[in-house]
1. In contact with a strand residue (DSSP E or B) (Cβ under 7 Å, 6 or more places away or on another chain), of a type outside the set (Lys, Arg) and under 27 Å from ASP297 (Cα atoms): is that true of TRP418 in this structure?
2. Inspect all residues belonging to segment 393-414 and state whether any of them is without any contact (Cβ under 8 Å) to a residue 24 or more places away in the chain, under 19 Å from LYS330 (Cα atoms) and surrounded by fewer than 16 Cβ atoms within 10 Å (Cβ to Cβ).
3. Looking at segment 107-114, can you tell me whether even one residue there is of a type outside the set (Gly, Ala, Ser), out of contact with any Lys or Arg (no Cβ under 6 Å at 6 or more places or on another chain) and buried (at least 17 other Cβ atoms within 10 Å of the Cβ)?
4. Being surrounded by fewer than 18 Cβ atoms within 10 Å (Cβ to Cβ), out of contact with any His (no Cβ under 6 Å at 6 or more places or on another chain) and of a type in the set (D, E, K, R) narrows it down to one residue among ASP207, ASP250; which is it?
5. Can you work out which of the residues in segment 326-347 that are assigned to a loop (DSSP other than H, G, I, E, B) and closer than 17 Å to VAL479 by Cβ is modelled with the highest pLDDT?
6. Within segment 16-37, how many residues turn out to be closer than 14 Å to VAL76 by Cα and surrounded by fewer than 13 Cβ atoms within 10 Å (Cβ to Cβ)?
7. Within segment 159-244, which helices (runs of 4 or more DSSP H) (wholly inside it) include 3 or more residues that are touching a residue at least 60 places away in the same chain (Cβ under 8 Å) and among the aliphatic types (A, V, I, L, M)?
8. Taking LEU245, is it farther than 18 Å from GLY157 by Cβ and hydrophobic (A, V, I, L, M, F, W, C)?
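The values are calculated or read from the model by the stated rules, or taken from the named source; none is laboratory data. Being a predicted model, the structure only gives us computed values, none of them experimental. In this analysis, Cβ positions are derived from the backbone assuming ideal geometry, glycine residues included, and neighbour counts consider all displayed protein chains.
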Amino acid sequence: MKLTNHFANFMRDTVNLNQTRINLLDESAETIKTFLKGSGYGAKILRFADQGSWAHSTIIKPLPGKAFDADLVMFVEEVEGWEAKDYINNLALVFRSSETYKSKTKSFSHCATIEYVGERKLDIAPCVINRNGFEQYEVCNRTTNQFEQTDAEAYTGWVKQRNVWSKGNSLKKSVRLIKYLKDTKTTFTCQPVLLTTLLGERINLLDEYSNEFSDTPTALKFLMGRLDDWLQNQVYVPIVANPVLVTVEDFARGWDQKKFNNFQDQIHRYREWIDQAYDEENRNDSIAKWRRVFGADFAKGIEIEEASTTFSKSSQALVLEGIRVPDYVKDVVDLIVHFGAKAIPTQLAKLPYLEEPTWPIDKTTALSVRVRGMLHSSKLQPASREVDLSPMQKGQYVRFEAVNNVGLPFPNDFTIKWRIANTGAEAVRKNCLRGGFVPSEPHCVRWEELSYRGIHFVEAFVIRNRDGMQVGKSGPFCVVIE
């Protein structure tokens with residue numbers, strides 16, 4: 001499912017840089033511009049321009065504890081006798097001579113950077129216009145002491161044109177989403193300008209008249225598909241040229257073969273996940289699959305809604321079957337005590353906050369897996385009984401064990417991963433909902449303390465060690481806690 005409303009909320013609340021930070025960035029930039037114009041820098045300053053993600057509107061909210069970067073180009077006239085490194089070194093010297101900026105200043109290969117600790121970084125890059133009388137724009141590399149041809153403003157225009165062709169700012173939104181994916185998954189490396197170019201090159205004039213960019217999830221699906229198709233046809237690290245320069249500026253120069261092959265593999269995997277989430281017709285399953293891509297902040301709050309309504313939905317189902325629900329029944333625990341297994345909510349194993357498995361499934365192998373549970377007053381005490389749907393008291397423990405079709409644990413050739421899920425008002429109120437994977441402790445065994453009133457369940461996934469593939473999965477094993 002497309003879930004366009006959830007995408008809009010996710011972009012607004014999680015991905016996009018909030019307006020307060022944008023305002024602070026704008027204010028800092030204006031202050032720096034004023035400072036530099038009156039600083040006696042040594043090169044005549046002609047103008048300033050935003051560059052990179054800031055100029056392209058693809059800047060995203062940083063992860064907690066991280067700063068976000070913005071780029072500012074300072075266009076200057078050539079200074080006779082200055083080498084490339086002098087434009088950077090003298091810029092840094094100007095900042096370090098100021099009480100306001102000296103503790104915030106760092107020098108890098110192409111820029112001087114002002115760091116506002118824990119909040120934002122502003123990179124100021126000198127760009128020399130028409131050096132030696134030739135009509136050109138050049139940035140300065142202080143490491144190699146060389147001038148490098150570029151044209152940031154023309155490139156920004158190229159990005160904006162492709163964004164228009166993609167309709168609804170689809171290119172910009174897709175870049176933001178994939179940058180967020182990169183930052184949160186940390187499974188591949190790709191410089192922002194390289195990512196923007198790779199995606200922008202997948203868009204053409206005819207897209208303005210197509211339906212492939214009708215909304216954010218649709219645009220993301222088709223752009224990732226086009227990018228994956230192109231990548232799979234590349235054997236070696238490609239040259240990804242700056243599209244607005246006659247001479248070659250290779251944005252992919254930071255990749256070696258290993259990094260590029262990893263990028264190929266990861267984009268292919270995420271393309272498959274996005275297709276599966278988009279094509280899934282069940283709403284809860286689709287949410288879960290989109291969360292496999294973007295994490296738990298996608299469709300945030302849905303878990304509370306679903307965990308809190310298991311009782312009402314189960315109760316409604318019983319009423320539809322012609323079974324009257326007594327007035328004293330207040331939640332799903334009461335329902336199961338009164339009606340038994342028929343009161344287990346049908347949507348229990350499809351809760352949207354269940355984490356999706358990330359390992360591949362061996363479709364030629366399907367080992368039989370079942371879970372058995374034994375109730376213990378503590379981990380040190382012997383079992384008191386086998387676990388069934390009879391309600392259990394908080395503070396006790398259940399020892400879950402994954403076994404095969406003859407009741408034996410799996411050999412050490414396999415690893416058992418457990419998905420643990422809970423529901424109910426108490427877990428919601430205490431912000432302790434679960435739906436993720438945990439390891440066995442010890443092999444084939446998982447201990448869990450009974451903590452929150454409600455119906456909860458565990459599932460065992462059998463992973464073959466030699467290739468990391470899933471070869472078996474149990475059904476949900478339900479427990480009821482009073």
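1. Details: in contact with a strand residue (DSSP E or B) (Cβ under 7 Å, 6 or more places away or on another chain): yes; of a type outside the set (Lys, Arg): yes; under 27 Å from ASP297 (Cα atoms): yes.
Against the criterion (in contact with a strand residue (DSSP E or B) (Cβ under 7 Å, 6 or more places away or on another chain), of a type outside the set (Lys, Arg) and under 27 Å from ASP297 (Cα atoms)), TRP418 qualifies.
2. no
3. Initially, segment 107-114 is screened for residues of a type outside the set (Gly, Ala, Ser), giving 108, 110-111, 113-114.
Those left that are additionally out of contact with any Lys or Arg (no Cβ under 6 Å at 6 or more places or on another chain): 108, 110-111.
Then drop every residue that is not buried (at least 17 other Cβ atoms within 10 Å of the Cβ), which leaves 110-111.
Yes, the conditions are met somewhere in segment 107-114.
4. Details: ASP207 fails: surrounded by fewer than 18 Cβ atoms within 10 Å (Cβ to Cβ).
ASP250 is the lone residue from the list that is surrounded by fewer than 18 Cβ atoms within 10 Å (Cβ to Cβ), out of contact with any His (no Cβ under 6 Å at 6 or more places or on another chain) and of a type in the set (D, E, K, R).
5. Step one: list which residues in segment 326-347 are assigned to a loop (DSSP other than H, G, I, E, B), which gives 326-331, 344-347.
From what is left, the residues that are closer than 17 Å to VAL479 by Cβ are 331, 344-345.
Values: ASP331: 79, ILE344: 82, PRO345: 79.
Out of the qualifying residues, it is ILE344.
6. From segment 16-37, those closer than 14 Å to VAL76 by Cα are 33, 36-37; that's our starting set.
From what is left, the residues that are surrounded by fewer than 13 Cβ atoms within 10 Å (Cβ to Cβ) are 37.
Total meeting the criteria: 1.
7. Numbers: elements: 170-185, 192-200, 216-232.
The helices (runs of 4 or more DSSP H) meeting that bar are 170-185.
8. On the way: farther than 18 Å from GLY157 by Cβ: no; hydrophobic (A, V, I, L, M, F, W, C): yes.
For LEU245, the condition - farther than 18 Å from GLY157 by Cβ and hydrophobic (A, V, I, L, M, F, W, C) - is not met.
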